[in-house]
There are 2 protein chains.
Amino acid sequence: MPKSSLKEQMPSTAFLQDEKDIAILALLQANARITVKEIAEKIHLSTSPVHDRIKRMEANGVIKQYATLVDHNKVNKGLMVICYVSLKAHSKNAGVKFINTINELNEVIECYSISGEFDFMLKVMAANMEDYYNFHVNKLSQIENIGHVQSVFVMGIIKQTHQLVYDR
Amino acid sequence: MPKSSLKEQMPSTAFLQDEKDIAILALLQANARITVKEIAEKIHLSTSPVHDRIKRMEANGVIKQYATLVDHNKVNKGLMVICYVSLKAHSKNAGVKFINTINELNEVIECYSISGEFDFMLKVMAANMEDYYNFHVNKLSQIENIGHVQSVFVMGIIKQTHQLVYDR
DNA sequence: ACTGAAATCTCCATTGT
DNA sequence: ACAATGGAGATTTCAGT
């Protein structure tokens with residue numbers, strides 16, 4: 001069985017139909033407010049199939065969210081810190097409690113469970129160093145069961161995108 | 001001089017006017033396709049000032065992008081890897097060359113210049129381990145002047161948001 | 001700066017191929 | 001599954017306060 005077409009390269013539960021879905025997604029990722037008409041013109045289709053395809057991708061969860069991205073520096077959240085955390089105890093209960101607390105902290109915009117010597121990696125946004133210090137001392141370190149914490153400061157943003165490219 | 005009002009807490013070059021701008025941003029961050037009418041109703045204003053405020057925040061760069069966020073798992077990009085890189089030489093020229101190359105690699109969706117023993121942190125999205133291995137060996141390691149590379153694998157996504165909250 | 005209304009354009013459902 | 005059309009509703013502009 002030859003695996004040449006894009007469709008056959010997709011996972012068994014295919015959420016994308018063909019290259020047209022990918023083209024639509026690429027345009028939407030770059031601009032969530034692009035009109036159906038404009039997409040239709042760019043990919044040489046009429047509006048109805050484009051509309052149908054978008055609704056399908058919304059329904060099956062390929063499209064998670066239409067988000068507005070804000071310039072951190074212009075809204076007084078210009079300091080980004082990558083924060084590594086290890087827990088003292090590793091019971092399931094301890095992990096769940098940590099996760100619940102992290103989800104309530106607005107300064108933490110990302111949190112991942114990771115391989116390596118630490119248990120979690122956090123991306124924290126703060127106004128400045130004083131603001132981050134307060135977060136560190138009064139919020140993060142106060143969480144029950146916290147072991148080690150290590151902060152890595154972001155000095156420059158080289159690249160930041162959400163555009164997933166499907167190049168084959 | 002008392003610092004009580006939100007306006008006075010803002011940086012001297014204020015990009016946000018007042019709490020209404022913040023309320024509008026909060027709604028837009030959660031849903032880039034919300035209608036002006038709907039925003040107007042929620043913050044008890046008519047459509048025109050809401051429209052004007054959005055246009056102003058687009059023009060002054062507070063609003064960077066209206067983006068569509070896609071479910072990585074459903075488009076065959078389910079493996080996230082945090083990648084640390086140090087360069088051999090640290091001349092300005094070497095850094096610029098690295099940065100240019102990184103910007104051409106679609107697998108790299110974020111790249112930061114960081115404090116600590118490594119020079120850069122990358123967030124890489126791949127289909128699976130084989131895909132990541134190919135990226136690592138054939139693309140990342142091939143970049144001129146690359147020193148050490150360390151990969152940290154993301155085993156679970158605990159939290160992932162872009163919503164900046166201004167809680168005072 | 002906000003209100004209210006008028007004009008333009010887009011969406012979305014229906015129909016037809 | 002895609003093209004074309006018309007009514008509903010949104011965006012956008014422009015008066016007035």
### Other-chain or far-sequence residues with amide H under 5 Å of B:V70's (modelled H)
A:K64
### Task
Identify the residue of chain A whose Cβ lies closest to the rotation axis that maps chain A onto chain B, and give that distance in whole Å.
A:A32, 2
### Message
Assume the label is 7 Å from Cα along Cα to beta carbon: what separations in nm does B:T35 have to the matching positions in the other copies?
### Response
1.6
## Note on the structure
Note, segment B:129-138: 3J(HN,Hα) by Karplus (6.51, -1.76, 1.60, θ = phi - 60°), whole Hz, Gly/Pro = x, goes 5, 5, 4, 5, 4, 4, 4, 4, 6, 8
### Message
Can you give me the long-range amide H partners of B:H162? Hydrogens built in the peptide plane at 1.01 Å from N, cutoff under 5 Å, separation of 5 or more residues or another chain.
### Response
none
### Query
From largest to smallest, what semi-axes in whole angstrom does the protein assembly as shown give when each is the square root of 5 times an eigenvalue of its alpha carbon gyration tensor?
31, 31, 20
### Summary
The ³J(HN,Hα) series, computed from each phi in segment B:72-89 with the Karplus coefficients 6.51, -1.76 and 1.60 at θ = phi - 60°, rounded to the nearest Hz and given as x for glycine or proline, is 4, 5, 8, 10, 6, 9, x, 9, 9, 10, 9, 10, 9, 10, 10, 9, 6, 9
### Query
Shortest first and in nm to one decimal, what separations exist between A:D71 and its copies in the other chains, measuring from label points 7 Å along the Cα-to-beta-carbon line?
3.5
### Query
So which lysines can A:K37 reach, going by Cα to Cα under 20 Å and dropping same-chain residues fewer than 8 places off?
A:K20, A:K55
#### Entry: Teacher prompt: A:V149 distances to equivalent labels in other copies, 7 Å Cα→Cβ, nm
3.3
#### Entry: Area projected by the alpha carbon convex hull of segment A:79-168, averaged over all directions, nm²
7.5 nm²
### Query
In deg cm²/dmol and to the nearest 500, what is the mean residue ellipticity at 222 nm of chain B if only DSSP H runs of at least 4 residues count, each as -39500 (n - 2.57), divided by the residue total?
-9500 deg cm²/dmol
### Message
Taking just the alpha carbons, could you work out the radius of gyration and Dmax for chain B, both in angstroms?
### Response
21.1, 61
### Query
When only C-alpha pairs under 8 Å and at least 6 residues apart count, what is the relative contact order of chain B, in percent?
24 percent
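A short reminder: the numbers here are calculations on the coordinates, not readings from a lab. The shown structure was predicted, so the numbers you read here are calculated from the model rather than taken from an experiment. Don't worry about glycine lacking a Cβ; one is built from the backbone with ideal geometry, like all the others, and counts go over all protein chains shown.
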